[in-house]
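Down below is the structure, laid out as structure tokens.
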Amino acid sequence: MDGFAELMAGFGAALSPENLLFALIGVVLGTAVGVLPGIGPALTVALLLPLTFKLEATSSLIMFAGIYYGGMYGGSTTSILLNTPGESASIISALEGNKMARAGRGAAALATAAIGSFVAGTIATVGLSFVAPFMVDVALSFGPPEYFALMIVAFTTVAAVLGSSVLRGLVGLVIGVTVGLVGIDVQSGQARLTLGVPQLLDGVDVVIVVVGLFAIGEAIAVLSSGERRSTVTPVKGSRWLSRVDLRRSWRPWLRGTALGFPIGALPAGGAEIPTFLSYSAEKRLTKHPEEFGHGAIEGVAGPEAANNASAAGVLVPLLALGLPTSATAAVILAGFQNYGIQPGPLLFSSNDALVWTLIASLYIGNVLLLVLNLPLVGIWVRLLQIPPYYLYAGIAVFATLGTYAIGGSTVDLFILYVIGALGFLLRLTDVPVAPAVVGLILGPLAEEQLRRSLAISQGDLGVLVSTPLCIGLYVVAAAAVLLPPVARLVASRRAARAA
Amino acid sequence: MLLALGVVLGSVSLRGRHGAAPVATPADGGESLDVGRRGAGADGTGEVDAGPDSGVNGDAGASGVLDTPETSEPGVPVGEDRPPVLRARPAVRVAVFVAGLVAHALLANTAGYVVAALVLFVAVAIAFGAPRLLRTVLIGLVLALVVFYAFRLGLGLALPDLGGR
């Protein structure tokens with residue numbers, strides 16, 4: 001098989017000392033930021049985006065992907081040991097994981113999370129290797145109207161999935177798209193949404209937006225919500241899984257993978273949904289229902305596997321279609337763009353060496369992460385001991401540093417602060433930030449596809465619904481937005497009738 | 001109130017080097033405990049900057065965490081149980097945070113990056129309830145210097161010099 005030979009060539013390149021080093025840096029950094037509360041993989045990749053001016057494309061993309069994978073591993077350590085979980089995708093594992101740690105089974109929880117992440121990550125990366133070329137074959141027949149429709153699907157599903165309500169998700173999305181449109185329009189030369197500020201003519205840099213929304217906005221939100229003291233639960237017991245725990249874990253790992261990878265691989269968003277699904281599946285299937293809510297190992301094993309499998313899944317539409325469906329994937333896409341590379345079906349023919357090296361490095365990254373998170377988990381536990389005041393002070397320094405790194409000025413710093421204030425407002429109103437980041441980066445691409453479609457049809461909007469595939473995609477997009485409210489309405493009607 | 005909480009938690013976890021540290025009595029001048037804690041502090045700065053390598057050797061203080069025996073209160077509180085430099089309402093804390101950001105932007109091109117970053121670090125740490133002003137200033141200074149030279153030597157990008165450009 002052709003793809004297999006290319007993958008082997010990719011392994012050859014990925015195993016070069018330089019690429020191995022960047023994979024290692026990526027997974028180490030990723031685990032660290034996954035562990036640390038208040039800083040996640042999207043923010044970290046954004047802060048490292050300026051490195052793309054210095055590094056070779058393969059090296060920095062291997063590092064970014066490592067950060068993405070590592071963040072998924074690291075998040076589980078925090079959710080198990082800290083009483084205040086970090087990122088949204090690991091909240092579910094905190095349900096049972098923190099209970100297990102409190103009951104003195106922290107080591108088993110960490111082990112099942114790490115091994116489960118490895119199993120799921122590896123299976124899902126195999127899935128990525130096979131599904132991505134297939135998706136490329138399908139996507140090669142797409143024209144601009146199909147791409148535009150696909151992007152609308154990604155927009156609406158990300159908005160519907162990544163927030164507490166569809167409306168809030170859409171608000172976040174629209175804000176992101178709006179910020180993404182700031183600057184000179186390439187085709188007409190018109191300045192858009194620049195408010196007369198000359199520094200805005202070039203648009204707002206991705207780094208500034210992501211750092212502002214995540215770092216500054218988050219910090220203000222934490223400050224204004226008052227103090228909440230975190231406690232770290234000490235790890236007790238053996239670092240390896242006992243035979244009983246292993247027997248209870250392996251099926252949830254595989255089920256979590258089976259849920260996580262396909263959902264992640266859809267050009268629709270979210271690592272959260274598979275973790276929820278996996279948790280409820282394990283709760284229903286368990287032979288120990290009495291343990292759920294008090295620290296059931298299945299409740300950690302399943303969601304953690306789902307979490308990692310969906311991370312690999314998300315890379316399928318990112319690489320094969322150029323569609324980011326999570327905040328981190330969107331920032332990684334921005335990294336590709338810095339090299340003038342546009343992910344999508346052509347990537348696999350024009351930059352096939354890069355793609356396959358990247359995919360091979362994911363297999364290697366998973367092995368590195370297993371080592372980092374099983375025998376060496378103690379290091380990460382110590383990271384949790386960093387007092388929040390030093391942590392946030394450090395984050396603030398690095399957040400502003402990101403602005404200098406892209407050649408920014410004092411004006412850019414104030415733009416960063418304004419976006420930070422916006423990020424705080426979003427948190428106050430419970431509007432999710434992730435759709436904003438996806439909208440920011442995908443918005444201009446969608447505009448480009450829309451304009452291309454209209455250029456082909458000479459302004460006839462009918463081209464957008466000219467093929468059955470387009471129409472089908474718009475139906476999916478409409479369903480993503482309309483179904484959740486309708487379902488809620490039906491449920492409340494039913495509840496009202498029952499009462 | 002925080003102090004009282006600290007004493008309670010501290011006495012519950014009166015074991016392990018790190019567990020013992022948080023006992024916050026007014027008489028504790030701090031110097032005797034500094035060795036262990038300085039480790040934890042250095043970890044704080046080193047980490048954000050370089051990744052976990054510095055976590056390995058930077059942290060002598062927290063090694064008690066992994067082998068703490070059974071406690072009735074499962075959980076080691078993060079940070080020190082000392083009164084913060086600033087005790088204030090959230091609104092005031094946010095104001096201090098924002099003041100630090102604005103001061104940073106204004107100072108960067110006039111007083112230079114290191115001063116600006118130091119001011120930012122200290123302001124944010126205080127807004128987040130850091131105790132021990134002197135230690136915070138020292139950590140901030142080290143971080144600012146490391147970042148300044150790492151940028152200049154590593155990336156070849158010049159941050160504003162001392163005294164501005």
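Expressed as a fraction of 2.2 N^0.38 Å, the rule-of-thumb size for a compact globular protein of N residues, what is the C-alpha radius of gyration of the stretch A:67-226?
Numbers: Rg = 20.9 Å, N = 160, 2.2 N^0.38 = 15.1 Å.
So the stretch A:67-226 has a normalised radius of gyration of 1.38.
Regarding the stretch B:85-165, what whole-number volume in Å³ per residue does the convex hull of its Cα atoms give?
Hull volume over Cα atoms, normalised by residue count, gives 76 Å³.
Rounded to the nearest 500, what is the 222 nm mean residue ellipticity of chain A from helices alone, with -39500 (n - 2.57) per DSSP H run of 4+ residues and division by all residues? Could the numbers behind the result be given before it?
Values: 21 runs with 354 residues, N = 499.
Calculated mean residue ellipticity at 222 nm is -23500 deg cm²/dmol.
Assign unit charges at the C-beta atoms only (+1 for Lys and Arg, -1 for Asp and Glu), then state the dipole size of the stretch A:2-498 relative to its Cα centre in Debye, rounded to the nearest 20. All intermediate terms of the calculation are to be shown ahead of the outcome.
Working: 26 positive and 26 negative charges, 395 e Å.
Charge dipole of the stretch A:2-498: 1900 debye, to the nearest 20.
Report the calculated FRET efficiency for B:Asp161 and A:His294 (r = Cβ-Cβ distance, R0 = 41 Å), to the nearest 0.05. Don't jump to the answer; show the numbers that get you there.
Numbers: r = 59 Å, r/R0 = 1.43.
Calculated value: 0.10.
Quick check: the distance between the Cα centres of the stretch B:125-142 and the stretch A:426-462, to the nearest angstrom?
Rounded to whole Å, the Cα centres lie 43 Å apart.
Place a point 7 Å from Cα of A:Arg251 in the direction of its Cβ. Which residues in the stretch A:282-317 have their backbone N less than 12 Å from it?
A:282-289, A:298
Per 20 Å bin, what is the whole-percent P(r) computed from every C-alpha pair distance within chain A?
Bin by bin from 0 Å, the calculated values are 24, 58, 18, 0.
Per-residue Cβ counts within 10 Å, from other chains only, averaged over A:410-417: what number is that?
On the way: counts 8, 1, 1, 8, 4, 0, 2, 5.
Mean partner-chain Cβ count within 10 Å for A:410-417: 4.
Taking only the alpha-carbon atoms of the stretch A:282-386, what semi-axes of the equivalent ellipsoid follow from 5 times the gyration tensor eigenvalues under a square root, in whole Å, largest first? Display every interim value, and only then the final one.
Values: eigenvalues 234, 69, 34 Å².
Square roots of five times the eigenvalues give 34, 19, 13 Å.
For A:Asp185 paired with A:Val244, estimate the spin-label separation in nm (one decimal), with each label point 7 Å from Cα along the Cα-to-Cβ line.
Each label point is offset 7 Å from its Cα along the Cβ direction, giving 6.8 nm.
How many Cβ atoms of partner chains, on average, are near each residue of A:25-33 if near means within 10 Å of its Cβ? Intermediate results must be reported in sequence, preceding the final value.
Numbers: counts 1, 0, 0, 5, 3, 1, 2, 7, 2.
Mean partner-chain Cβ count within 10 Å for A:25-33: 2.
Place +1 on the Cβ of every Lys and Arg and -1 on the Cβ of every Asp and Glu in the stretch A:2-498, take the dipole about the Cα centre, and give the residue among A:Pro252, A:Leu43, A:Gly189 whose Cα lies farthest towards its positive end.
Most positive-ward Cα: A:Pro252.
Please give the peptides A:421-429, A:149-157 ranked by average Cβ packing (other Cβ atoms within 10 Å per residue), highest first, as a rough proxy for protection. Numbers along the way, then the final one.
Working: A:421-429: 17.8, A:149-157: 25.1.
Ranking the peptides A:421-429, A:149-157 by packing returns A:149-157, A:421-429.
Once you average over the residues of B:121-134, how many Cβ atoms of partner chains fall within 10 Å of each Cβ?
For this peptide, the per-residue mean of nearby foreign Cβ atoms is 5.
Based on the mean of other beta carbon atoms within 10 Å per residue, what is the order of A:456-462, A:330-336, most packed first? If you can, show how the numbers build up before the last one.
Details: A:456-462: 10.6, A:330-336: 26.0.
Packing proxy ranking, top to bottom: A:330-336, A:456-462.
What does the charge add up to near A:Ala281, with Lys and Arg as +1, Asp and Glu as -1, over the other residues with Cβ less than 10 Å from its Cβ? Write down the numbers at each step before the final one.
Numbers: positive: A:Arg255, A:Lys283, A:Arg284; negative: A:Glu282, A:Glu298.
With Lys, Arg at +1 and Asp, Glu at -1, the net is +1.
We did not get these values from a lab; they are worked out from the coordinates using the rules stated. Owing to the predicted nature of the structure, the values given are computational and were not obtained by experimental measurement. Glycine also receives a Cβ, built like all others from the backbone with ideal geometry; neighbour counts cover every protein chain displayed.
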